[in-house]
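The values are calculated or read from the model by the stated rules, or taken from the named source; none is laboratory data. Predicted, not measured: the structure shown is a model, and the values here were computed from it. FYI the Cβ positions are ideal-geometry reconstructions off the backbone, even for glycines, and counts take in every protein chain you see.
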Amino acid sequence: MRTREQYLEGLRKMRRNLYLNGEKIARDDEIQMPAIETMSVTFDYAADPKYEALCTATSHLTGEKINRFCHVHQSREDLHKKQDMTRLLCQVVGGCIQRCMGVDATNALYNVTYEADRENHGATEYHKNFKKWLERFQREDLVGCCAQTDVKGDRMKRPSQQKDPDLYVRVIEKKSDGIVVRGSKVHISEASIADEILVVPTRALLPEEKDWAVAFAVPGDWEGVKQVVTVHNLRSRKYFKRGFTPGYTDSYVIFDDCFVPWERVFLCGETVQGGICALLFALFHRHSYSGCKPAMGDLMIGAVALAAEYNGIARAPHVRDKLAEIILVTELGYAAGFTASELGKPELYIPGVGSIPYGPGTYIPHSIYANVGRCLTGEAVYREAEILCDIAGGIPATFPYEGDFVNPETKDLLYKYITRNPEVHPEDAAQLWRYIGDILCSSSGGIHLMGSYHGGGSPVMEAIAITTQYDIESRKKMVKRLAGIKG
Ligand SMILES: Cc1cc2nc3c(=O)[nH]c(=O)nc-3n(C[C@H](O)[C@H](O)[C@H](O)COP(=O)(O)OP(=O)(O)OC[C@H]3O[C@@H](n4cnc5c(N)ncnc54)[C@H](O)[C@@H]3O)c2cc1C
């Protein structure tokens, strides 16, 4: 396994293909460092003996100890541990731990490549190639991101109906040694600090949409790949440092007639498996949300409780009710993820077909529970922000700048006038209002909310997954029997 220093060293060796605000930047540009610091926590915790059992796993390919973010789930216990590791590390960094997209895409492709080869009766070697890729990914402890979301153009049209066929990533040429792909995947979190980009289809595909049924992996700096990056950093602090300063990046990943050798191609033309791949990545990713969203809930509960205490309103009935509301969503979201792990099987639910054995025997979380958990917690993020806004009052929004708290002309006056609960030291209170300002009033906080809401698919996608997979017919029969309906 790598250390954080080795991870950074790897990024430093990469070709410059990151574009930010009109300039090309290096991977270790100062602006990317908070995101790199956040990702580095995944290396620190895997190396810490206290967290070894949670944050490392044994590779089923080599028998070696690997970072759990590179692991393919071999058991229900692995699913539980991924959920718990995600919750823990998101608590530590105070937000997204960033590495789950890679593990979720890896697990999806491990299964899909196996099934695609089976469907092709041995004419393809996707699974063998993917295993080779995975072995290196695990051995070198690489960071993966997942590029699923296509730009999609006209939302009401399918890939093949778009005026511009490049609005979904597609194969434009097949060669003896590989394929050439064109298109762009957008909002790709941490692609600018990832070693590998895993590319999977966005949606179900029709038989005539073979060109769009493509999955592959390329290094983040691969020839033909351009990344246009946005960085979400918090305002830097000079005097009153945070306990941890997280950072995030997202990229428009553009495949500008990019050549991908066959050994890195994991689907090419298999429309059925392409659609399943889209579904399966989303499923694994929604299961990851049952770790990260409860962590966001933990942080909201802490922030609301402290805001109430520092405002001197901790015993007010509406505070208790609102804390209960967040706890309820947080722990139900966790419970749904726990159940999805506990009922995990090497099986996949296909709408209209039912549960079928799928893949080479690795564990897939239960779809209904992964989806309801993600739906419940993902849609609650704006409500939770509203609760924090209510209990904090307006103070985080207009809180004076740090410098005014060290300027002798204003310092004492400011501490006097921000004092509310006399039991709380005003310097502690100031740090809390700054922290809540980061969550509620910063551009980074706003982006985090949108990511929590839309990441893994906008809410309607979960509603579709839940309703198409749920056995509603059996519930209708129950009611018909009770009501005495004969028809
Ligand atoms: C901060 C952030 C980080 C992200 N990270 C990643 C990442 O790492 N990797 C990745 O692949 N993706 C990532 N995403 C993308 C995320 O998965 C998408 O935002 C999500 O799937 C919604 O897609 P969209 O943004 O294109 O919105 P749209 O699909 O355009 O949705 C907008 C609205 O249109 C509706 N709509 C769309 N199509 C139809 C239709 N045919 N009929 C009726 N209504 C429709 C939707 O339901 C929604 O209400 C990230 C997004 C954000 C905001």
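In segment 262-286, what residues are aromatic (F, W, Y) and closer than 28 Å to F338 by Cβ?
F281, F284
Within segment 220-259, how many residues turn out to be over 25 Å from the mean Cα position of the chain (by Cα) and assigned to a strand (DSSP E or B)?
Result for segment 220-259: 4.
Quick check, is I356 on the phi < 0 side of the Ramachandran plot, among the hydrophobic types (A, V, I, L, M, F, W, C) and in contact with a helix residue (DSSP H, G or I) (Cβ under 8 Å, 6 or more places away or on another chain)?
no
For segment 242-253, name all the residues that are surrounded by 11 or more Cβ atoms within 10 Å (Cβ to Cβ) and away from the ligand (no atom under 14 Å from the Cβ).
R242, F244, T245
For S442, only one of the following conditions fails: (1) over 30 Å from Y369 (Cα atoms); (2) within 16 Å of the ligand (Cβ to nearest atom); (3) without any contact (Cβ under 8 Å) to a residue 40 or more places away in the chain. What is its number?
(3)
Those residues that are buried (at least 20 other Cβ atoms within 10 Å of the Cβ) and part of a loop (DSSP other than H, G, I, E, B), I need them from segment 386-409; list them, please.
Residue satisfying the conditions is P396 alone.
Do you know which residues across segment 129-160 are over 18 Å from P261 (Cα atoms), more than 23 Å from the chain's Cα centre (by Cα) and among the polar types (S, T, N, Q)?
Correct list: S160 only.
Given the conditions (1) under 29 Å from I436 (Cα atoms); (2) in contact (Cβ under 8 Å) with a residue 40 or more places away in the chain, report the number of the one that Q227 does not fulfil.
(1)
Answer yes or no: is there a residue in segment 125-147 that is within 14 Å of the ligand (Cβ to nearest atom), assigned to a helix (DSSP H, G or I) and farther than 21 Å from D104 by Cβ.
no
Taking E77 as meeting all but one of (1) without any contact (Cβ under 8 Å) to a residue 40 or more places away in the chain; (2) surrounded by 16 or more Cβ atoms within 10 Å (Cβ to Cβ); (3) under 22 Å from A336 (Cα atoms), write down the number of the exception.
With (1) without any contact (Cβ under 8 Å) to a residue 40 or more places away in the chain; (2) surrounded by 16 or more Cβ atoms within 10 Å (Cβ to Cβ); (3) under 22 Å from A336 (Cα atoms) applied to E77, the lone miss is (2).
If I filter segment 207-254 down to residues being touching a Ser or Thr at 6+ places or on another chain (Cβ under 7 Å) and of a type in the set (A, V, I, L, M, F, W, C), which single residue comes out as farthest from G178 (Cα to Cα)?
L234
Any residue at all in segment 208-222 that is of a type in the set (V, I, T), closer than 30 Å to G437 by Cα and modelled with pLDDT of 95 or more? Working first, answer last.
Keep residues of segment 208-222 that are of a type in the set (V, I, T), which gives 214, 218.
Among the residues that remain, those that are also closer than 30 Å to G437 by Cα are: none.
Among the residues of segment 208-222, not one is of a type in the set (V, I, T), closer than 30 Å to G437 by Cα and modelled with pLDDT of 95 or more, which makes the answer no.
Mind listing just one residue for me: the one in segment 447-478 that is of a type in the set (G, A, S) and in contact with a His (Cβ under 9 Å, 6 or more places away or on another chain) and, of those, nearest to the ligand (Cβ to nearest atom)?
Applying the first criterion (of a type in the set (G, A, S)) to segment 447-478 yields 451-452, 455-458, 463, 465, 474.
Of the ones still in play, those that are also in contact with a His (Cβ under 9 Å, 6 or more places away or on another chain) are 451, 455-457.
Working: G451: 3, G455: 5, G456: 6, G457: 5 Å.
The selected residue is G451.
Could you please find all residues in segment 179-217 being part of a strand (DSSP E or B) and more than 15 Å from the ligand (Cβ to nearest atom)? Spell out the reasoning first.
Here is the first cut: in segment 179-217, the residues part of a strand (DSSP E or B) are 179-189, 196-199, 214-217.
Once the filter is applied, which keeps residues that are part of a strand (DSSP E or B) and more than 15 Å from the ligand (Cβ to nearest atom), segment 179-217 yields I179, V180, V181, R182.
How about segment 343-385: which of its residues are assigned to a helix (DSSP H, G or I) and surrounded by fewer than 15 Cβ atoms within 10 Å (Cβ to Cβ)? Full working, then the answer.
We begin by selecting, within segment 343-385, every residue assigned to a helix (DSSP H, G or I); these are 367-379, 381-385.
Across segment 343-385, the qualifying residues are Y382, R383.
V200: surrounded by fewer than 22 Cβ atoms within 10 Å (Cβ to Cβ), among the aliphatic types (A, V, I, L, M) and touching a residue at least 60 places away in the same chain (Cβ under 8 Å), yes or no?
Here the answer is no, as V200 does not meet what is asked.
How many residues are in a helix (DSSP H, G or I), among the charged types (D, E, K, R) and under 13 Å from the mean Cα position of the chain (by Cα) if we restrict to segment 61-111?
Number of matching residues: 3.
Report those helices (runs of 4 or more DSSP H) wholly inside segment 432-487 carrying at least 2 residues which are over 20 Å from G297 (Cβ atoms) and among the hydroxyl-bearing types (S, T, Y).
On the way: elements: 443-454, 459-469, 472-483.
Per the criteria, 459-469.
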